[in-house]
Each structure stands twice: as structure tokens, then as C-alpha cells.
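In what follows, a single structure is set out as C-alpha cells and then discussed.
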Amino acid sequence: MNKNSILLPVSILLAGVLIAGSIIYSKVPKNAKPLTKSELIAILEDDDFILGSEDAPVSLVIFGDYQCPYCKLQYDQTEKKIIENYVNTGKVKMFYRDLPLRNIHPQAQLAAQATQCAGNQGKFWEYHDYLFDNQEAIPELDFTVTAVTLGLSENEFQKCLESNETKLEVDTDAQHAFNYGLDATPMSLVNGTLVEGSQPYEVFVQVIENELANPVE
């Protein structure tokens, strides 16, 4: 992903269908009705593990892949600052959506499922952080042992990891991404405005501050 990609309004992307995504996921209907920003945010927030206050005025939804090097770059250099300065101060609520690029990252799907299972036991963000902090170890990682290390129930985690329902949850996240015309990671939506690629903290500040000054109706 080119880190110098520009900001694009998500409304431009809603009708887009990417060939890479259509190989695995169904295509977006050509007559699909564009969503309003508030409708889009409601869909993206649904059934997610939230970081921050539910009452925060700005929603940050990140589509990522746990083996993606640019996702780790954004996690290390940008997201931690956003959490400190915006999430912890009640201005932003953060969500993570899975977009495993399985053709190039063979463990990304299972890593995503593992994080969902950790979330079912109340430790989504702890597992999320562990994977990015130890990204280089993911190819050899035992996801269940990691779960136990984080204090999760081994049996419950293993059953969840092997379930079709968990796989479907990850696939649904990816389907949302492809429906919006996204086929690379990371991709971030700030109240529906797309920040494409791993961008510096200052870029996110500009978009977040604009959203704070112009609340979604």
C-alpha cells in the first residue's frame, strides 16, 4: 500500500467492486443504493468490539490484516497516539474489522478468528495488541496457547476457533470491505471518510478534528 495515498470520501467507493475481492466474495449489486454517512457508520459499528466510549462523537473503523506490515506500522506509529489523545479522552470510539489478505498472508484468517474468539471472552483488544506486537511470530504461533497465556479458557477458545460461525464473522467483515470497494490494508473510516493506507498520525488528526467540528447528523 502506498503510504502517500490520498483521502477519499467513502461515498465514491460504495458502488465499487474490486476484482480481487470478487474472486472470493460476492459482487456488489450494480443498483446498490448509496448509504448516508450515518447509515454506513451504523452498519460498521454493528456487533463490533468497541474501544472507548460508546458516546464518543467520532467513529474510527479500521480494516486490517494481522500479518500486514503496513497495518503494524499504523498500529505502532499512529493508532497508539489516537488512543491516547482521542479514545481515552472520549472523542473517538475505535472498531477493528478483519480484512485478511489470504492469498499473501496464509495465517491472517486464523489470526482474525482467534481474535474474535478472544473477544468472546472479553479480551479482543488484548489479543489484537499481542498479535501486532508479535507479528513476526504469527507464522509459527499457537493461537490457543496464546489465548491461555492471556488468561482465556482453553476449551472455549478452541471450540470457537474451529467453529464455522467464527469463520463467518471474519468473512462478513471482509465482505463489508469489498462491498465498499476496499481490497488492501490498512483502510480506516473516520465517520465514513476513508483514510487510505498507513498514514501518519497528523493525517488522522486532520480528519478527526474536521469530524469533531462537523458532527454527523
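Computed values, structure above
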read-out: Which of Val145, Val92 has the fewest Cβ neighbours within 10 Å, and the rest in rising order; value: Val145, Val92
read-out: Kirkwood hydrodynamic radius of region 78-121, from inverse mean 1/r over distinct Cα pairs, in Å; value: 12.3
read-out: Neighbour-limited loop hits for GluC sites (Glu not before Pro), region 43-106 (at most 11 other Cβ within 10 Å; DSSP other than H, G, I, E, B); value: Glu54
read-out: Computed E for Arg102/Ser38 - FRET, C-beta separation, R0 45 angstrom, nearest 0.05; value: 0.90
read-out: Gained length - Glu154 relative to Glu54, 0.36 nm times residue gap less alpha-carbon distance; value: 33.0 nm
read-out: Isotropic mean projected area of the C-alpha convex hull, region 90-170 (nm²); value: 5.9
read-out: Residue-wise HN-Hα coupling along region 107-115, computed from phi with Karplus coefficients 6.51, -1.76, 1.60 (Hz; x: Gly, Pro); value: 9, 5, 4, 5, 4, 5, 4, 4, 5
read-out: Percent of C-alpha pairs per 10 Å bin, region 34-184, short to long; value: 11, 40, 38, 10, 0
read-out: Cβ-based exposure ranking for Leu99, Leu110, Leu194, in which fewest neighbours within 10 Å come first; value: Leu110, Leu194, Leu99
read-out: Overall dimensions of region 121-217 by Cα: Rg and Dmax, Å; value: 17.2, 47
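Taken together, the values in this text are just the output of simple stated rules run on the coordinates, not laboratory data. Every value quoted in this text rests on a predicted model; they were computed, and no experiment measured them. For neighbour counting, all protein chains shown are included, and Cβ atoms are generated from backbone atoms with ideal geometry for every residue, glycine included.
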